[in-house]
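The values are calculated or read from the model by the stated rules, or taken from the named source; none is laboratory data. Remember, predicted model here, so these are calculated numbers, not experimental data. Cβ placement follows ideal geometry from the backbone for every residue including glycine, while neighbour counts extend to all protein chains displayed.
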Amino acid sequence: MKMRKNTMACFLLTMSFLTPFSLNTNDLETQIENEVKSDIEFDFVSYFHEYAEKNSIDDLRWMVGGEGIRSLRSYWLHVPPDYSGSTPVPLVIILHGATVFNVKNPFWFFTNSIMESYSGMSAKADQEGFIAVYPNAKLLWDKENSEGLFAYYVDFYPENWLVGHNLIDDEGFIRDLIERMQEEYNIDQKRVYLTGFSNGADFAYYLATKFSDIVAAIAPVAGSIGAKNAEGQIYEIIPKPEKPVSVMVFHGTNDSLLPYERSNTRTSVNESVSFWVHANVCNPEPIIYQSESGRIIRRTYENGNGGTEVILYSTVGGNHWWPGNNWGPEYEWLYDSIQEISATDLMWDFFEEHPKQ
């Protein structure tokens, strides 16, 4: 299908793809208007369909999601081979971390799902019979580090950090994506779950407050619930959810990117846990377990409203990683050098035990 300059399709294409590569202007809106008026014809979606066929990529999907101008969205979908549609199945949405744009290979981000490989969630879906979805963030401009980032924008981020976020509706995209999955597959309405890593964990925390009527439980890995605002005066945090949501948190005590303790820019892990303990009205006194090695500490806050729990897994000495990932040591701080627990296994057990009440 051709996307012409005088069609909405070309408009969506330009907003979704071209704009982030030329953010050297101070007037973003003027540049976008100029791009929309330019004589560009590019068969964007067909290009990736052809690329997928040549590279055995059969689960990259496209949709219009959210109300932002840049609303052409993509996601990776994994449906277990045993799915028949005869019985409702759980839905797990996995949100990736912020990913730097690769200038040498600009389409790399659309050729594989980083989180599918990193989390091993699709293999777990095949074992347990749930549908796994990996939404892709849009490309934004990281003003602080002068680089392009595929990142979700979370409302508590400083307004001046990610340039172009005002043109994107990530929250609306995820809501539309859930609705699409419910329309196309037999999804158990009481078993919709969210997890995410780093930037994706931040977004999972936020979405749980906005979708507390839909999401039964979340499992953020190496994220936070708040950040210091653009003026550097106060810490903005996620809003209080209307309904209880079970939460399992994973975080390394030596996280070099999102520190375990409160930093000059982010809230602490204990603040994240305390927020959800209070929101769910759980018992404030946790049940504490420590592994034989002393490297894994689990704190469980029970008896929340609607049968909810809040559990924190702290990896003593752990860095900014997904516990139990099978990436090698060449990935440095992303590699789990301890390998004592599997976040994927633990969160799935947690999800199974906490349907929406």
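Being among the acidic types (Asp, Glu) and under 11 Å from the mean Cα position of the chain (by Cα), is that true of even one residue in region 231-250?
First pass over region 231-250, keeping only residues among the acidic types (Asp, Glu): 231, 236, 242.
Okay, now just the ones that are also under 11 Å from the mean Cα position of the chain (by Cα), so none.
Looking through region 231-250, none of the residues is among the acidic types (Asp, Glu) and under 11 Å from the mean Cα position of the chain (by Cα).
When you scan region 181-196, do you find a residue that is outside any strand (DSSP E or B), buried (at least 20 other Cβ atoms within 10 Å of the Cβ) and either modelled with pLDDT under 95 or not small (Gly, Ala, Ser) (or both), even just one? It would help to see each step written out before you state the result.
Let us first name the residues in region 181-196 that are outside any strand (DSSP E or B), namely 181-186.
Then drop every residue that is not buried (at least 20 other Cβ atoms within 10 Å of the Cβ), which leaves none.
No.
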Residue hits (region 277-303; in a loop (DSSP other than H, G, I, E, B) and of a type in the set (S, T, N, Q)) are ASN283, SER291, SER293, ASN303
For region 142-168, pairs from a residue that is free of Cβ contacts under 8 Å to residues at least 12 places away in the same chain and of a type in the set (S, T, N, Q) to a residue that is surrounded by 18 or more Cβ atoms within 10 Å (Cβ to Cβ) and part of a loop (DSSP other than H, G, I, E, B), with Cβ under 7 Å and 6 or more apart or across chains, are none
When every residue in region 263-310 that is of a type in the set (D, E, K, R) and without any contact (Cβ under 8 Å) to a residue 24 or more places away in the chain is compared, the one nearest to ASP213 (Cα to Cα) is GLU302
Residue hits (region 69-82; within 29 Å of TYR205 (Cα to Cα) and either in a loop (DSSP other than H, G, I, E, B) or not assigned by TED's automatic domain parsing to the domain that holds ASP126 (or both)) are ILE69, ARG70, SER71, VAL79, PRO80
Exactly one of GLU271, GLU236, GLU261 is under 28 Å from LEU334 (Cα atoms), acidic (Asp, Glu) and touching a Phe, Trp or Tyr at 6+ places or on another chain (Cβ under 6 Å), and that one is GLU236
- Item | Condition check for GLU302: more than 23 Å from the chain's Cα centre (by Cα) and within 24 Å of LYS190 (Cα to Cα) | yes
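For (1) in contact (Cβ under 8 Å) with a residue 40 or more places away in the chain; (2) within 21 Å of the chain's Cα centre (by Cα), each residue gets a yes or a no:
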position: TYR313; (1), (2): yes, yes
position: ASN319; (1), (2): yes, yes
position: TYR331; (1), (2): no, yes
position: GLU340; (1), (2): yes, no
position: MET347; (1), (2): yes, yes
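Taking region 197-216 on its own, how many of its residues are in contact with a strand residue (DSSP E or B) (Cβ under 7 Å, 6 or more places away or on another chain) and either surrounded by fewer than 18 Cβ atoms within 10 Å (Cβ to Cβ) or of a type in the set (D, E, K, R) (or both)? Before the answer, list the steps.
Taking region 197-216 as the starting set, the residues that turn out to be in contact with a strand residue (DSSP E or B) (Cβ under 7 Å, 6 or more places away or on another chain) are 197, 200-201, 203-205, 207-208, 214-216.
Now drop any that are not either surrounded by fewer than 18 Cβ atoms within 10 Å (Cβ to Cβ) or of a type in the set (D, E, K, R) (or both), which leaves none.
So the answer is 0.
Could you please find all residues in region 327-357 being assigned to a loop (DSSP other than H, G, I, E, B), surrounded by 14 or more Cβ atoms within 10 Å (Cβ to Cβ) and of a type outside the set (Gly, Ala, Ser)? If you could, list the steps in order and put the result at the bottom.
Kept after step one, since they are assigned to a loop (DSSP other than H, G, I, E, B), are these residues of region 327-357: 327-328, 335-342, 354-357.
Still in the list and also surrounded by 14 or more Cβ atoms within 10 Å (Cβ to Cβ): 327, 335-336, 338, 340-342, 354-356.
Passing the criteria: TRP327, TYR335, ASP336, ILE338, GLU340, ILE341, HIS354, PRO355, LYS356.
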